[in-house]
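Here's the structure we're looking at; comments come further down.
Values in this text are rule-based calculations from the coordinates and carry no lab data. Since we're looking at a predicted model, the values are computed, not measured. Every residue, glycine as well, gets a Cβ built from its backbone with ideal geometry; the counts of neighbours run over all protein chains shown.
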Amino acid sequence: MNWDWSAVADFLPKFWDGVLTTLQALVLGSLISFTLGLVWAIAFRAPTRFIRWPVGLITEFIRNTPLLVQLFFLYFVLPEWGIQFSALTTGVIAIGLHYSTYTAQVYRAGIDAVPAGQWEAATALSLPARRTWFAVILPQAFRRVVPALGNYVVAMLKDTPLLMSIGVLELLQQARLEGAATFQYTEPLTVVGIAFIVIAYPASLLLRSLERRLVR
Amino acid sequence: MTTGLWEHWVLPGIWITIQLTLYSAALAAVVAFAVGAARTHRSKAVRFLAGFYTEIFRGTSALVLMFWMFFVLPPLAGWQLVPMWAAVLALGLSYGAYGAEIVRGALNAVSPAQREAGVALSFTPWQRMRLILLPQAVPEMIPPFSNLLIELLKGTALVSLLGIGDVSFAAYLVRLATQDSAQIYTISLVIYFVLAFLLTRGMRALERKAKAGIGQKSEPVFKGLSLRRPAGRARELEPMTRGGGASMNAGTGGAS
């Protein structure tokens, strides 16, 4: 079979639509995972085990079961409970929720790396819990976690094609529809595969340099 | 859910998921050791090729790769793989690239004096690898490999989108048959969780054995619920199983 450039040209408009949807899902999913992960991480340090235990169990469960099944769970089960979301919203929530359990571990490691003296100083100054977290601990933890969080953004990018399964028109779904319509799968699928590498590789190089600058 | 659905779809689904995981893990291990070792090779060309391989396969999405192998490879190559083997190939090649980074990190973490001692004793490179480097590096690889194995198990769910009858596919069919999504999807999530739990305990037993072989202690096989390795700072801040980039030279170093 030969490579057909005109098929690539025909696919391009849909390709850009797909890029837009993929990036949309990525950005929103990242925001959810960053905030929710922080909530989990703070809950890991809750004073009572009645919070620590359930949160630990829930995050462990979400982290060790497939995103695809969680996606279907949200997509099919939530409407049964009377909650209706669009496919894209469901996908964003699923990705955000899934990766929040990863970012939670990153935050936790970052928080654990803050020297104990900082906690003690906050206690000595009798700072309230909220100020201890937001003025003392988190600003110091964030510096260390940025590169690791970035890595999960790249990982999320590579999981956005899963949204295809619930009918979100992201890159892979666009390629598949194009293939089904024209009987030429080679060009769209190859273009999409290369697009992922073209986005992911510079991103990982960027993160590597960011890591060198921030962590050491 | 009726017993018929259970016996005809879910149980065979579990078996297919297990098979997929084991076969892809075997392929990924072969790829990981070959490519990871090649990345520590003397020759620059070999190192470059191995690096190229890992960047390509870590750069693209496993699902896109799977679709590519399904739709593009057959007309391109003129032959077609059985769906199951196309899936194993896609999973094994992409997770092997992640594993290669683990192997490389662990090999680099072995003290340079050990390698120099091998040179001083005029071991061949192959003897150095087999008798000096690997016995010390392998126990360090097992915890990150254990995490990667769970990622692989989760990755097998993707094959259901290609119509292979694994647990996720069975869940989809049972949903269509019973019109009750909550039940079957909860069950299948629990199935995956139990499989992941068993895999980690198996890996922990393996780690105990490997560490005992070089006279190190390790934690008991059944202790606590945690599936992932304890979140040491060095390890969690440098996620090596997923994501694009962070080098993990320091990650495996003083761990466990």
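If you take each beta carbon of peptide A:186-192 and count the beta carbons of other chains within 10 angstrom, what is the mean? Walk me through the numbers before you get to the answer.
On the way: counts 6, 1, 3, 9, 5, 0, 5.
Rounded to a whole number, the mean comes out at 4.
If you put +1 on each Lys and Arg Cβ and -1 on each Asp and Glu Cβ, how big is the dipole of the stretch A:18-170 around its Cα centre, in Debye rounded to 20? Write out the running numbers ahead of the final one.
Numbers: 10 positive and 6 negative charges, 101 e Å.
My answer is approximately 480 debye.
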Considering the options B:SER111, B:ALA37, B:THR186, tell which one lies farthest towards the positive end of the dipole of the stretch B:3-236, charges being +1 on Lys and Arg and -1 on Asp and Glu at the Cβ, about the Cα centre.
-> B:SER111
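Compute the FRET efficiency between B:GLU7 and B:ALA77 as 1/(1 + (r/R0)^6), taking r as their Cβ-Cβ distance and R0 = 35 Å, and round to the nearest 0.05.
Numbers: r = 38 Å, r/R0 = 1.08.
Step by step, r from the Cβ atoms, then E = 0.40.
Stretch A:ALA87-A:VAL39 to full length: gain in nm at 0.36 nm per residue minus the Cα-Cα span? Working shown, then result.
Working: separation 48, 0.36 × 48 = 17.28 nm, distance 2.53 nm.
Gain on extension, A:ALA87 to A:VAL39, equals 14.8 nm.
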In degrees, nearest 10, the alpha-carbon axis of helix A:49-63 is tilted away from the dominant principal axis of the alpha carbons of chain A by 20 degrees
Exercise: per-residue mean of other protein chain Cβ atoms within 10 Å, A:151-161 | 6
Mean per-residue count of partner chain Cβ within 10 Å for B:142-151 equals 1
Under the Karplus relation with 6.51, -1.76 and 1.60 and θ = phi - 60°, whole-Hz ³J(HN,Hα) for the stretch A:5-17, x at Gly and Pro, equal 5, 5, 5, 4, 4, 5, 7, 3, x, 5, 4, 5, 4
Can you list the HN-Hα couplings for the stretch A:197-214, worked out from phi with the Karplus curve (6.51, -1.76, 1.60; θ = phi - 60°), rounded to whole Hz and with x for Gly and Pro?
-> 5, 5, 7, 6, 5, x, 4, 6, 5, 4, 5, 4, 6, 4, 4, 4, 6, 8
Quickly rank A:170-180, B:199-209 as a protection proxy: mean count of other C-beta atoms within 10 Å, highest first.
-> A:170-180, B:199-209
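If r is the Cβ-Cβ distance from B:PHE52 to B:ALA177 and R0 is 51 Å, what FRET efficiency results, to the nearest 0.05?
Working: r = 47 Å, r/R0 = 0.92.
Efficiency computed from Cβ-Cβ geometry: 0.65.
Okay, helix-only estimate at 222 nm for chain A: each DSSP H run of n ≥ 4 adds -39500 (n - 2.57), divide by all residues, round to 500 deg cm²/dmol; what do you get?
Details: 8 runs with 168 residues, N = 216.
Here the helix-only value at 222 nm equals -27000 deg cm²/dmol.
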Hey, in the GNM for chain B with a 10 angstrom Cα cutoff, which one of B:GLY213, B:GLY99, B:GLY36 fluctuates hardest?
-> B:GLY213
When the Cα centres of the stretch B:133-156 and the stretch A:102-169 are compared, how far apart do they sit, in Å?
-> 25 Å
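Can you give the charge dipole size of the stretch B:91-172 about its Cα centre, rounded to the nearest 20 debye, using +1 on the beta carbon of Lys and Arg and -1 on the beta carbon of Asp and Glu? Don't skip to the end; give the middle numbers.
On the way: 5 positive and 5 negative charges, 47 e Å.
The calculated dipole for the stretch B:91-172 is roughly 220 debye.
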